[in-house]
Structure formats: structure tokens, C-alpha cells
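See below for the structure under consideration.
The values are calculated or read from the model by the stated rules, or taken from the named source; none is laboratory data. The shown structure was predicted, so the numbers you read here are calculated from the model rather than taken from an experiment. Cβ placement follows ideal geometry from the backbone for every residue including glycine, while neighbour counts extend to all protein chains displayed. For accessibility, only protein heavy atoms count, side chains too; no ligands or nucleic acids. Shrake-Rupley method; radii C 1.70, N 1.55, O 1.52, S 1.80 Å.
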Amino acid sequence: MTESTRLTTQFSARATAQDVIDGVDLTGRRMIVTGGASGIGLETVRALARAGAEVTVATRDPARADDLVAEFPGPGPGTVRAVALDLADLDSVDAFVAAWTGPVHALIANAGIMALPHRELTPEGWELQLATNYLGHFALARGLHDNLRSAGSARVVVVSSGAQLRAGVDFDDPHFARRPYDPWTAYSQSKTADVLLAVGIARRWAADGITANALAPGVIRTNLQRHLGEDTLRSFGVTTDEAGNVTVPEHYKAPAQGAATTVLLAASPLVEGVTGRYFEDNQESEVVPGGPDPMTGVAEHSVDPDAADRLWEYAEHTLATRRA
């Protein structure tokens, strides 16, 4: 991908979700936002609903979205409802898919967990971050494929992270069965897998009118950091005084700013037909070598089509053998 072919927009890194969707009418569009009850997911839901979309918040605890649902009671355009979904539980994913009827115009894979201090496995034997951030969303997207296709022009948006620069998917030991478990390597691997999910969808579903793109939202103080200790947060520049007041560095975004690139990819006409790409700060990113040095861009290993195909086949095999 050359510099001249990368998509750029007029929106800055500090634009909000409302900024990028201003003037867009989403009346009649049905959208799903996983993890939409808090953080950037909540601001994503707000922006989409304000534009007229019917938004379903898919979350482990629907009661956490009560206040958000009350903001958009309907009837008419711009409604919000909450439905139970635990991405780490494939039975829960199956139940969500089975209960869904009608088209899906946008599936926003926003939910995730980060830097679990200890290695945890799902019943399928998947490391929990890779299972939640990638496999659950893979199963959800694949289960809703016909609903996305029936929309005529649907989008899948996968929230990844700049952490994808740090590690590719270790296909020889993705679940840390032999190598020492490291919270950040596991998180980085799962975020690379998220980008590869978008690449895999783009390679398979374009003829069905389905596009897929991934993004990094930037650095935002949200519940995603709940597993991080005080020393780690302090190393990131986040401090808490004796009264419990939290101070973050200037480069941190507010949640509404962190949701902007998600909303751009989910609803803006500026990216109509764009697929298989990675964005940050409301612009398409440059492809760069992965490793510890790059701070921006998308790693070559994160958009490698061969890796995307291999991961897709691995996930399909997991779902198939689970039901065998």
C-alpha cells in the first residue's frame, strides 16, 4: 500500500464520534455493538443512535446498559436495547445468533479484555484474551453472516489496538501451552488476530456486500485497564491522588474521541466500499514492520493474507470440532 492510495479524511485525531457522523442519517439501520455498555463502546452507541440507528448493545450484563437504553426509549428512529452476550462463552454466542432475526447493517466488534495477569483458558482450551477478543467475535460474525448479507450493504468494524504492532499470532503455541505466559504478548497477539479477522472477512465476503475494517481507537482511560496494577498505570502516566481523582496525560483521548474512528468505519459515507484495511485517528494507517519501535501504523504481520487465512481456518476448525 503506497502513501498515495491510503484513505484520508478531514477529521483530526481529536474529532469526536459525533463530529464524524454529523449529517449522516442512519434511520432504518440495525447495528450491534459488543461491549457497548461502557467506555468507547457506550459513546459509539450514543453516536449511532443519535443518527437514527436501531442499536443493540451486546454485553455480559445488560443491566449495565439501563441508563443508556433509557436515553433512547423510542418509538421511532434512534433506539437502544441491551442483550446478553459473553464472547468467551461460545454457547452464549450461539444463543445470541439464534435469537437474532432480520438484517444487520453494521456489526461493531468493540468488546475486549486486556493484559490478564495470569493465563486463563476457555473450555475449548483457548487463552482467554485470544478467545474473547478474537474467537468470540469470529463466531459472532460468522453466525450473523446471512443477516449481514441480507442488509445489502453491511459493515463489520473490529476494534484492535496499537498493541498489534508488538506481536503476531504464534501459530505454534497461540495459547501459551509451552512458552511462558506474558500478559502483554497475549494481548498483542489477540489484537493482531482482530486485524486479521477484518482481513479474512474482506477476502471472503466482499461478493456478499459485506466490508470489514479494523482500527486502533487511541489511548483512553476506560474499564479496559481494570486488570492493570497501580505501578503499570503510573508507568503510562496515569496517577490517582488520595481523594481518588485520576489524572491522565494530555495525549489520552476522551471516550467520545476514542469512538470516532469506530463510528467513521461503521457509518460514514467516506469509507463506503473500503474493506480489509486498518485505521487510526480517523485516517487509514501505513503498513510498517512490526516490533518494539513503531508507535503508529499497522504491522505487516497484522494484514498478512496468509496469516488471515490460517487463523480463519484454525477458528473454523475449533468451532467444527466443538460441535462434533
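What's the number of the only condition in (1) modelled with pLDDT under 95; (2) surrounded by fewer than 17 Cβ atoms within 10 Å (Cβ to Cβ) that Gly39 fails to meet?
With (1) modelled with pLDDT under 95; (2) surrounded by fewer than 17 Cβ atoms within 10 Å (Cβ to Cβ) applied to Gly39, the lone miss is (2).
Which one of these does Ala177 not meet: (1) farther than 20 Å from Asp309 by Cα; (2) free of Cβ contacts under 8 Å to residues at least 24 places away in the same chain; (3) open to solvent by less than 30 Å² (accessible area, probe 1.4 Å)?
(3)
Taking Arg46 as meeting all but one of (1) part of a helix (DSSP H, G or I); (2) under 30 Å from Ala299 (Cβ atoms); (3) modelled with pLDDT of 95 or more, write down the number of the exception.
All conditions pass for Arg46, except number (2).
Before we move on, is Ala58 under 20 Å from Gly136 (Cα atoms) and either surrounded by fewer than 18 Cβ atoms within 10 Å (Cβ to Cβ) or free of Cβ contacts under 8 Å to residues at least 12 places away in the same chain (or both)?
No: the conditions fail for Ala58.
Only one of these is touching a residue at least 60 places away in the same chain (Cβ under 8 Å), acidic (Asp, Glu) and open to solvent by 10 Å² or more (accessible area, probe 1.4 Å): Glu71, Glu124. Name it.
Criteria check complete, one pass: Glu124.
Any idea how many residues of the range 238-263 are at pLDDT below 85 and surrounded by fewer than 18 Cβ atoms within 10 Å (Cβ to Cβ)?
Result for the range 238-263: 14.
So, in the range 74-98, of the ones that are among the small types (Gly, Ala, Ser), out of contact with any Ser or Thr (no Cβ under 9 Å at 6 or more places or on another chain) and farther than 17 Å from Arg29 by Cβ, which residue ends up surrounded by the fewest Cβ atoms within 10 Å (Cβ to Cβ)?
Ala98
Would you mind telling me which numbered condition in (1) out of contact with any Lys or Arg (no Cβ under 7 Å at 6 or more places or on another chain); (2) modelled with pLDDT of 95 or more; (3) of a type in the set (Gly, Ala, Ser) Ala266 fails?
(1)
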